[in-house]
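A.B. asks: I have a structure I would like to understand better, so I am pasting it below and will then ask my questions one at a time.
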Amino acid sequence: MKKYFLFIAIGMYLQGALFADDAQESTNLYRAQLAMSSTDYLVTAGDVYTLSFSANNTAVSYPILVDTSYRVRVANITTINVEGNTFLRFKQRVEELVTQNYHMSSVQFVLTSPAVFQVTVKGEVSQTAACEAWGLMRLSDVIKNNLTPYSSTRNVVITSSNGISKTYDLFQAERFGDLSQNPYMRPGDVVTIGRMSRKVTLDGAVERKGTYELLDGENLQQLIYYYGGGFDSFADVSRIVLTRMLNPANPAGEKIYLDEKAVSSNYELLSYDSVNVSAYSELKPVMFIEGAINSAEGTTLYASSRLVITFDEGENYSTLVSRLQTFFTAESDVSNAYVIRNGKVIPLNVGKMLYDASYYSEETIKRYDTLVIPFKQYFVTVAGAVMNPGRYPYIPDRTWEYYIGLAGGFLLEKNRGRSVKIQDISGKKMRKTELITPETTITASTNSFTYYFNQYAPVITTVLSAVSTTVTILIATRSIRDK
């Protein structure tokens, strides 16, 4: 038995190893194809190439491994230095050498397995790490999983294996496509992430919202025009709000109100400042809509909701209702809607506005109006042998037992076996297992024998007693006469 399980374990291990080998082979093939189709793939220590050609009608094929010396021997012809060569240049040199020495050799030279190497990432990172890379992996790919909230992507230093250091700005690559600022990684590279000095958030009526890392000397003007792409068409440049979090006197944040002059003078910004440019549309008048409506996220509410709506001066309620039609639900009583204006109630038939194209309302919207959409009120009737028969508000997804409970429960002296009769709004009989629908009638049966017996027993007893008394009197009278 132990041998049996041992064989199973070995089989599973070998199967896992085969899957791992297949995955690795697939990755190698993908990377090789990508590298051979790229004009800028550099020959890298660890690459494995395959050279194939015909020599005197004999097929020759063998691998060529590139080591850290970058000196490669080609078909016992010569040794060449390929350091700094792209794959295409390397291929061209090899094919020229083989063709010169073996005419009509049908030479082929391919990259079989691109090199994989390690790059050290340190500095303002979660922890110093040796990251796996290959010849077409860029700087941004290597560092993306190692950054902290304080990492700078504007000050990244790469020190190559020969000790030469260069500084890169990934924002330039990201925004302007300057790939020289996002280089390919090379074996032995050490990446040092600097610490950011200022990060500022830009929001509102600008073309490019976002959080940006500013360089020394860059302030409000550069934030809006260089990073934010400038004001958009609806920007109100007289209403710029700066929220400054780094203010010891006000830990909750200080509001600073700026305008176009502050932009021109390049108002100084601190780290964690947040700049919001207001839009003219925010100055539009507002009204309110509340009641049986969808929330802003489109979720139906069973409790009253209240939304703030902007409108154009002189806009009619018909156009407002038309553009807000998705806010209304099956629970909205649109026929009994009304507007509250300065304490007065104005009836408004929203149903006709929604469903009658020929209907037009002369009622225009006023600032701070409140349009109220009532909930449709449904009821369930509970009758018969219960404590408190009556009509009760309908609640979705409830059974008959819930409504019997609302009515105080069964009168046990009248009802036996929890017997009920359930009829929907059309009079159709419903089963106990079905959920109750609006305007259903639930009748608790009066079916207790004991109840009926107790009701009529006194009457019967009284009648029998009277009969017995009468008979007794008659017998007594007859006896007197006989004497």
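The values are calculated or read from the model by the stated rules, or taken from the named source; none is laboratory data. No experiment lies behind these values; they were computed from the predicted model shown. Neighbour counts run over all protein chains shown; Cβ positions are idealised from the backbone, glycine included. Side chains included, ligands, DNA and RNA excluded: accessible areas come from the protein's heavy atoms. Shrake-Rupley method; radii C 1.70, N 1.55, O 1.52, S 1.80 Å.
A.B. asks: Which is assigned to a strand (DSSP E or B), of a type in the set (S, T, Y) and at pLDDT below 95, of S233, S238?
C.D. replies: S238
A.B. asks: Let me ask another. I need every pair where a residue in region 357-372 that is under 18 Å from F328 (Cβ atoms) and modelled with pLDDT under 90 has its Cβ under 6 Å from the Cβ of a residue that is buried (at least 16 other Cβ atoms within 10 Å of the Cβ) and among the basic types (K, R), sequence separation at least 6 or different chains.
C.D. replies: Pairs that qualify, where the first residue is under 18 Å from F328 (Cβ atoms) and modelled with pLDDT under 90 and the partner is buried (at least 16 other Cβ atoms within 10 Å of the Cβ) and among the basic types (K, R), are Y359/K352.
A.B. asks: I would also like to ask the following. Which residues, taken from region 137-157, are in contact (Cβ under 8 Å) with a residue 40 or more places away in the chain and either of a type in the set (F, W, Y) or open to solvent by less than 30 Å² (accessible area, probe 1.4 Å) (or both)?
C.D. replies: Correct list: L139, V142, I143, N146, Y150, S151, S152, R154.
A.B. asks: Hey, another quick one. Might you check whether a residue that is touching a residue at least 24 places away in the same chain (Cβ under 8 Å), in a loop (DSSP other than H, G, I, E, B) and open to solvent by less than 50 Å² (accessible area, probe 1.4 Å) occurs anywhere in region 101-111?
C.D. replies: yes
A.B. asks: Does M36 satisfy being among the aliphatic types (A, V, I, L, M) and surrounded by 14 or more Cβ atoms within 10 Å (Cβ to Cβ)?
C.D. replies: So M36 passes the test.
Quick grid of which residues meet (1) small (G, A, S); (2) open to solvent by less than 30 Å² (accessible area, probe 1.4 Å); (3) in a loop (DSSP other than H, G, I, E, B); (4) over 14 Å from G291 (Cβ atoms):
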site	(1), (2), (3), (4)
S318	yes, yes, no, yes
V321	no, yes, no, no
S335	yes, no, no, no
V339	no, yes, no, no
K352	no, no, no, yes
S358	yes, no, yes, yes
S361	yes, yes, yes, yes
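A.B. asks: Considering only residues that are of a type in the set (A, V, I, L, M) and either surrounded by 17 or more Cβ atoms within 10 Å (Cβ to Cβ) or under 27 Å from the mean Cα position of the chain (by Cα) (or both), look in region 264-278 and name the one that is farthest from A205 (Cα to Cα).
C.D. replies: Among them, the one singled out is L269.
A.B. asks: Related question: Examine region 390-410 for a residue that is crowded, with 17+ Cβ neighbours inside 10 Å, more than 41 Å from the chain's Cα centre (by Cα), at pLDDT 90 or above and not in a strand (DSSP E or B), and state whether such a residue exists.
C.D. replies: Yes, region 390-410 has at least one match.
A.B. asks: Right, here's the next one. (1) open to solvent by 40 Å² or more (accessible area, probe 1.4 Å); (2) modelled with pLDDT of 85 or more: which one isn't true of R306, the others all being true?
C.D. replies: Condition not satisfied by R306: (2).
A.B. asks: Of the conditions (1) modelled with pLDDT under 85; (2) open to solvent by 30 Å² or more (accessible area, probe 1.4 Å); (3) over 24 Å from E439 (Cα atoms), L301 clears all except one; give me its number.
C.D. replies: (3)
A.B. asks: Might you let me know whether region 5-23 holds any residue that is at pLDDT below 95 and closer than 13 Å to P114 by Cα?
C.D. replies: Within region 5-23 (the criterion being at pLDDT below 95 and closer than 13 Å to P114 by Cα), the answer is no, since none of the residues qualifies.
A.B. asks: Cβ-Cβ under 9 Å, sequence separation 6+ or interchain: first residue in region 65-91 and in contact (Cβ under 8 Å) with a residue 40 or more places away in the chain and at positive phi, partner open to solvent by less than 80 Å² (accessible area, probe 1.4 Å) and of a type outside the set (S, T, N, Q). Which pairs?
C.D. replies: The qualifying pairs are G84/L42; G84/V43; G84/Y70.
A.B. asks: Being within 23 Å of E95 (Cβ to Cβ) and modelled with pLDDT under 90: is that true of A45 here?
C.D. replies: Criteria not met by A45.
A.B. asks: Can you tell me how many residues within region 323-333 are open to solvent by 60 Å² or more (accessible area, probe 1.4 Å) and within 17 Å of S361 (Cβ to Cβ)?
C.D. replies: Qualifying residue count, region 323-333: 2.
A.B. asks: If we keep just the residues of region 373-395 that are of a type outside the set (A, V, I, L, M, F, W, C) and without any contact (Cβ under 8 Å) to a residue 24 or more places away in the chain, which is farthest from R418 (Cα to Cα)?
C.D. replies: If we take residues in region 373-395 being of a type outside the set (A, V, I, L, M, F, W, C) and without any contact (Cβ under 8 Å) to a residue 24 or more places away in the chain, then P393 is farthest from R418 (Cα to Cα).
A.B. asks: Oh, and also: Among the residues of region 184-217, which ones are assigned to a loop (DSSP other than H, G, I, E, B), open to solvent by less than 30 Å² (accessible area, probe 1.4 Å) and under 18 Å from S274 (Cβ atoms)?
C.D. replies: Selection gives M196, A205, L214.
A.B. asks: For the structure I just gave you, tell me whether Q172 is more than 14 Å from G123 (Cβ to Cβ), modelled with pLDDT of 95 or more and within 32 Å of the chain's Cα centre (by Cα).
C.D. replies: Here the answer is yes, as Q172 does meet what is asked.
A.B. asks: Count, please, the residues in region 75-99 that happen to be under 56 Å from the mean Cα position of the chain (by Cα) and open to solvent by less than 30 Å² (accessible area, probe 1.4 Å).
C.D. replies: 6
A.B. asks: Please state which of the following conditions Y368 fails to meet, knowing it meets all the rest: (1) open to solvent by 80 Å² or more (accessible area, probe 1.4 Å); (2) on the phi < 0 side of the Ramachandran plot.
C.D. replies: Y368 satisfies all of (1) open to solvent by 80 Å² or more (accessible area, probe 1.4 Å); (2) on the phi < 0 side of the Ramachandran plot except (2).
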